[in-house]
Structure formats: structure tokens, C-alpha cells
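Visitor: Attaching a single structure in C-alpha cells format; questions to follow.
The values are calculated or read from the model by the stated rules, or taken from the named source; none is laboratory data. What you are looking at is a predicted structure, and each value in this text was computed from that prediction instead of being measured. For neighbour counting, all protein chains shown are included, and Cβ atoms are generated from backbone atoms with ideal geometry for every residue, glycine included. We work out accessible area using only protein heavy atoms, side chains counted, and drop any ligands, DNA or RNA first. Shrake-Rupley method; radii C 1.70, N 1.55, O 1.52, S 1.80 Å.
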Amino acid sequence: MTLQQLEYIIAVEQHGYFVAAADACGVTQSTLSLMIKKLEEELDVKIFNRDTHPVTVTEMGQKVIDEAKQAVYHTKQLLEMTRTAKEQASGDLSIAMTTTVAPVLMPGLFRYMRTKHSAIRLRVEEMITTTIIDKLKKAEVDMGIITYPVNDPDLLEVPLYHERFFAYVSPDDPWAELDSIERKHLLDHRVWTMKDGVRLFDRSRVRSGEEITYDKLYEGGRVGILIQIANENGGLTVVPGSHLHLLPEPLKRCIKPIVNPEPERVIGLAFRKDYVHERMMNIVVKAIKTMVPAEMIDGMIRTDYLRL
């Protein structure tokens with residue numbers, strides 16, 4: 001069994017076709033097919049169903065591939081660890097972000113890497129939190145930027161910044177005249193949210209006397225779409241403070257503070273406990289510190305260099 005064989009089966013799972021996987025790996029299809037066949041013979045396991053198009057993975061094959069991803073990940077980590085601190089930061093870096101964070105951080109992160117660390121090949125994906133956690137555990141991404149804390153025993157987390165939540169109220173809505181909105185009164189109004197589809201806030205999920213925490217109040221989604229829906233249908237939606245600077249001035253005038261108490265959240269960086277590339281982690285943390293206002297970082301990152 002070789003590392004190359006493990007990379008081949010991972011490529012086939014990702015691409016669904018032996019031809020595409022071979023092209024991605026820079027080898028001929030016959031070479032890739034032969035190496036995978038030898039691996040299956042060595043393990044005495046059928047990894048792929050070759051009769052389907054695209055090819056599918058067998059139940060045992062999926063277990064093999066999941067382990068292969070971690071083996072390849074650990075090998076790359078070992079190579080990174082042996083590089084000297086004097087070398088220019090380089091190599092592949094994959095980061096997954098939640099849909100409510102990506103519009104704020106993704107553009108600036110690419111700009112930061114392009115101007116200060118051009119040898120880093122950055123890949124950023126946008127996905128929901130549960131998918132990010134799953135991909136971190138399977139070593140399919142290096143880091144995740146998600147709501148903190150996750151409290152998963154397999155992951156390490158670093159708080160990055162905190163932010164308040166605000167209400168966007170449709171200009172035609174009766175509440176448009178209010179200076180602020182008390183959080184408890186949100187239960188009495190139309191609040192648009194997005195989670196597995198757009199819907200009105202489900203008040204039945206909140207028990208009598210229960211505090212309305214941010215995760216109940218805000219389920220995520222595309223802020224711009226939710227604002228459009230509120231404008232067309234009346235009511236309001238909830239907007240993270242980091243998104244406010246992205247809104248045009250006419251929409252900013254419809255933003256109202258939520259008070260008594262103010263809902264907020266913390267955004268953090270999550271990675272596997274066996275992640276060893278300390279320098280890469282600190283580059284990402286430093287990049288994010290340049291993108292968010294200083295008041296959102298206060299009390300979060302207390303050191304200039306984090307150590308694993």
C-alpha cells in the first residue's frame with residue numbers, strides 16, 4: 001500500500017470517474033486503475049462499484065476512503081512540520097466558512113493571501129456548520145470558521161471576534177417607526193429566517209419564559225435575500241453586525257438595534273487536534289484581525305502569536 005494509491009481512491013470518489021481522477025492526479029487511466037486494483041487485492045476489499053456511471057463507493061470502500069483521507073492528511077502535516085520557520089509560508093490551505101461569515105471574510109482573506117502570502121494556495125468553501133465539522137473530522141478541510149464554541153472533543157477552537165445582531169425592518173412595516181426593538185417582542189412579530197429554506201420564525205420552538213438566544217433568533221442564510229423577502233412581505237429579519245457595512249445606505253436606515261438584552265455571537269476558528277501547521281493558523285488569525293473592527297476583537301484574541 002502506498003500513499004499514491006490512497007490519493008488515487010480519494011480522487012475517484014471526488015470526481016466520480018476514473019478518467020477525470022486520472023487527469024487530476026496527472027497519470028493515465030490505466031495506471032490509476034491498475035494501482036487501485038492492486039490496493040483492492042491487497043486489502044481484499046472492493047472499494048468501487050465500476051458498473052455504475054459515475055462510479056459509486058461500496059460501504060466498506062467508504063470506510064477505506066475515510067481512513068485514506070486522514071492518512072494523506074497526516075502525511076502532509078508531517079511534511080509541513082519539518083519545514084523550517086525561515087521558509088516562506090506556502091502550500092495548500094483549505095478553509096470552510098459558514099454562510100453567514102463567508103460574505104464578510106472571504107473577499108478580504110483572498111486579498112490578504114494574494115498580497116502577503118502569494119505562495120499559499122487558498123481554497124475557501126461555504127457550507128453549513130454541521131458539514132464543516134464533518135469535513136474537519138475527515139481531514140477534508142484544514143480549518144473551519146464557525147460560531148464559537150462547538151464543544152467537540154475532536155477539535156480545537158480559537159475565538160476570533162464577537163458581534164451583535166440587529167433587526168432589519170421593512171420600510172412599510174408598522175415597526176419601522178420604532179427606534180429599537182426589545183428582544184422579547186420579536187415573538188409577537190413576523191421574523192423571516194433561512195434554514196433549509198426560507199420560513200417565518202417558528203414560535204412553537206420557544207417555551208414559555210425561555211430566553212430567546214441568538215441561535216433561536218437567527219438561523220442563518222443570505223442576508224440580502226432575507227431583506228428582499230421582508231421588503232416584499234412585511235416583517236423583519238435579523239442581520240449580524242459584521243454585515244452592516246455591506247448594506248447600501250437606504251437599507252441601513254431600516255436597521256434597528258435589538259435590546260434588553262442585545263443578542264450576540266462569537267465567531268471562532270476550529271481545526272483538528274492533530275493539526276500541526278502553527279504558522280499557517282497564525283497567518284489566518286492575523287488576516288482576520290485586519291478585516292474586522294477593533295471593538296469586535298476586544299476580549300477575544302489576547303496574544304499576537306498562538307501556539308499549538
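Visitor: Relative to the longest principal axis of the C-alpha atoms of the chain, give the angle of the C-alpha long axis of helix 29-43, reported between 0 and 90° and rounded to the nearest 10°.
Guide: 90
Visitor: With each pseudo-label sitting 7 Å past Cα toward Cβ, what's the Thr131-Ala294 distance in nm, one decimal?
Guide: Here the modelled spin labels are 3.8 nm apart.
Visitor: Now for a separate question. Which angle from 0 to 90°, rounded to the nearest 10, does the C-alpha axis of helix 3-15 make with the longest principal axis of the chain?
Guide: 50
Visitor: So, in nm, how far is label Ser30 from label Glu232 when the simple model puts each one 7 Å beyond its Cα toward the Cβ?
Guide: If labels sit at Ser30 and Glu232, their model points lie 5.6 nm apart.
Visitor: So, one more: Sum -39500 (n - 2.57) across every DSSP H segment of at least 4 residues in the chain, then divide by the residue count to get the 222 nm mean residue ellipticity, nearest 500. Before the final figure, lay out each step's value.
Guide: Working: 11 runs with 118 residues, N = 308.
Value at 222 nm, helices only: -11500 deg cm²/dmol.
Visitor: Hey, could you get me the Stokes-Einstein D for the stretch 1-134, Kirkwood radius over alpha-carbon pairs, 4 °C and 1.567 mPa s, rounded to whole µm² s⁻¹? Before the final figure, lay out the partial values.
Guide: Numbers: Rh = 17.1 Å.
Translational diffusion coefficient: 76 µm²/s.
Visitor: Given a cut-off of 30 Å, name the pairs among Lys138/Lys252; Lys37/Lys137; Lys184/Lys286; Lys252/Lys273; Lys37/Lys273 whose C-alpha atoms lie farther apart than that in the structure shown.
Guide: Details: Lys138/Lys252 41 Å; Lys37/Lys137 27 Å; Lys184/Lys286 37 Å; Lys252/Lys273 41 Å; Lys37/Lys273 33 Å.
Correct reply: Lys138/Lys252; Lys184/Lys286; Lys252/Lys273; Lys37/Lys273.
Visitor: May I pose another question? In nm, what is the difference between 0.36 nm times the number of residues separating Ser90 and His53 and their Cα-Cα distance? Intermediate values should be presented prior to the final figure.
Guide: On the way: separation 37, 0.36 × 37 = 13.32 nm, distance 3.69 nm.
Result: 9.6 nm gained on full extension.
Visitor: Computed FRET efficiency, Cβ-Cβ of Gln70 and Glu177, R0 45 Å: what is it to the nearest 0.05?
Guide: Working: r = 57 Å, r/R0 = 1.26.
Plugging the Cβ-Cβ distance into 1/(1 + (r/R0)^6) gives 0.20.
Visitor: Work out how much length Glu41 to Ser204 would gain on full extension: take 0.36 nm times their residue separation and subtract the Cα-Cα distance, in nm to one decimal. Don't skip to the answer; put the middle values down first.
Guide: Working: separation 163, 0.36 × 163 = 58.68 nm, distance 5.53 nm.
Taking Glu41 through Ser204 to full extension adds about 53.2 nm, to one decimal.
Visitor: What percentage of the solvent-accessible surface of the stretch 1-111, computed with a 1.4 Å probe over protein heavy atoms, is contributed by carbon and sulfur atoms? Spell out each step's value before the answer.
Guide: Working: 3390 of 6070 Å².
Roughly 56 percent of what the probe reaches on the stretch 1-111 is carbon or sulfur.
Visitor: Please tell me the relative contact order of the chain in percent, rounded to the nearest whole number, where contacts are Cα pairs under 8 Å and at least six residues apart. Intermediate results must be reported in sequence, preceding the final value.
Guide: On the way: 445 pairs, mean separation 64.5, N = 308.
Relative contact order comes out at 21 percent.
Visitor: To one decimal place, what Kirkwood hydrodynamic radius in Å is obtained for the chain from all pairs of distinct Cα atoms? All intermediate terms of the calculation are to be shown ahead of the outcome.
Guide: On the way: mean 1/r = 0.0453 Å⁻¹.
Answer for the chain: a Kirkwood hydrodynamic radius of 22.1 Å.
Visitor: Give me the net charge for the shell around Arg123: Cβ to Cβ below 15 angstrom, other residues only, Lys and Arg +1, Asp and Glu -1.
Guide: -1
Visitor: Now, a different point. Across the Cα atoms of the stretch 17-60, what radius of gyration and what greatest pairwise Cα-Cα distance (Dmax) are found, in Å?
Guide: Final numbers for Rg and Dmax: 10.6, 27 Å.
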